[in-house]
Amino acid sequence: MRALIIADSPDFEPETVERLAAESALCVVLDGAASKVPSGIRPMAILGDFDSVDRWHALQRFPGAEIVHLHDQSRSDLEKGVAFTLSRGATEIVLCCALGGRIDHSFANLAVIARYHGEVPIWALQGGMECRAASSARPLRVPVATGRLVSVIPFGGPVQVSLSGVRYAMARETLCAGSHGVSNQATGGEIVVEPLDGVVLVFIQREG
């Protein structure tokens, strides 16, 4: 079951939200995004600590939605949303409008993808770019159209990785922090990212 989590990026994308909501069986809106989500969307739950919007306003906009008020300050609302959707049976999680704005927020949200990718396929879509994670425990295989940009960036330290389905393939090549894995190009069909150790973030151009 695909779950969609709608976050509160300053670069909010209503059309992307509407498209992903139509493709998802379960939709969760983080409280900060409650006033931005198009009115035609019917989320299953509004979730967060409700420091950005009050519960009454959320219920007025989305009658029938479950209000999930979580006070835990040790986790972000996005991470709480991931845990919540997993508890409701999600087998795939899509994050929308989770990147952009404050760089520390964006980096923390990318870290959520890296942390949970071993439990469930989880990815973010923002600005026409998709972000996934791959590791030795969960290599990545995904179809990508010819010519689309593909960037592979190590997360947390040097990673030895093999990469195919791109113009500049890699065979057990060590990626370190920097720009070496950025702006490759898909050759069509499927890209395969196989880290031998560690975790990499994989950015894929889906539009443009």
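The values are calculated or read from the model by the stated rules, or taken from the named source; none is laboratory data. All values derive from a computational prediction rather than experimental measurement. We place every Cβ from the backbone using ideal geometry, glycine too, and count neighbours over all the protein chains shown.
Residues checked against (1) more than 25 Å from M129 (Cα to Cα); (2) assigned by TED's automatic domain parsing to the domain that holds H105; (3) touching a Cys at 6+ places or on another chain (Cβ under 7 Å):
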site	(1), (2), (3)
F12	no, yes, yes
E18	no, yes, no
L26	no, yes, no
L30	no, yes, no
S35	no, yes, no
I41	no, yes, yes
A45	yes, yes, no
G48	yes, yes, no
E66	yes, yes, no
Having 1 or more residues that are surrounded by 15 or more Cβ atoms within 10 Å (Cβ to Cβ) and within 21 Å of the chain's Cα centre (by Cα) is the bar; report the strands (runs of 3 or more DSSP E) wholly within segment 165-208 that clear it. 190-195, 199-205
Kindly indicate whether A90 is closer than 13 Å to I6 by Cβ and either in contact (Cβ under 8 Å) with a residue 40 or more places away in the chain or in contact with a helix residue (DSSP H, G or I) (Cβ under 7 Å, 6 or more places away or on another chain) (or both). no
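This table checks each residue for (1) among the acidic types (D, E); (2) more than 16 Å from H105 (Cβ to Cβ); (3) surrounded by 12 or more Cβ atoms within 10 Å (Cβ to Cβ).
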{"position": "A21", "(1), (2), (3)": "no, yes, yes"}
{"position": "V29", "(1), (2), (3)": "no, yes, yes"}
{"position": "K36", "(1), (2), (3)": "no, no, yes"}
{"position": "G40", "(1), (2), (3)": "no, yes, no"}
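Quick check on this structure: which one of A111, A124, A133 is outside any loop (DSSP other than H, G, I, E, B) and touching a His at 6+ places or on another chain (Cβ under 7 Å)?
Working: A111 fails: touching a His at 6+ places or on another chain (Cβ under 7 Å); A124 fails: touching a His at 6+ places or on another chain (Cβ under 7 Å).
Matching residue, one of A111, A124, A133: A133.
Each row is one residue, and each column tells you yes or no for (1) within 19 Å of V28 (Cα to Cα); (2) at pLDDT below 95.
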residue: V94; (1), (2): yes, no
residue: L99; (1), (2): yes, yes
residue: I113; (1), (2): yes, no
residue: G118; (1), (2): no, yes
residue: G128; (1), (2): no, yes
residue: A133; (1), (2): no, no
Any idea which of S162, S151 is of a type in the set (S, T, N, Q), assigned to a strand (DSSP E or B) and either touching a helix residue (DSSP H, G or I) at 6+ places or on another chain (Cβ under 8 Å) or in contact (Cβ under 8 Å) with a residue 40 or more places away in the chain (or both)? S151
For G118, state whether it is on the phi < 0 side of the Ramachandran plot and small (G, A, S). yes
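Would you please name the residue that is modelled with the highest pLDDT, looking only at residues in segment 30-44 that are more than 14 Å from I93 (Cβ to Cβ) and outside any loop (DSSP other than H, G, I, E, B)?
A33
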Would you please name the residue that is modelled with the highest pLDDT, looking only at residues in segment 1-11 that are surrounded by 18 or more Cβ atoms within 10 Å (Cβ to Cβ) and outside any strand (DSSP E or B)? A7
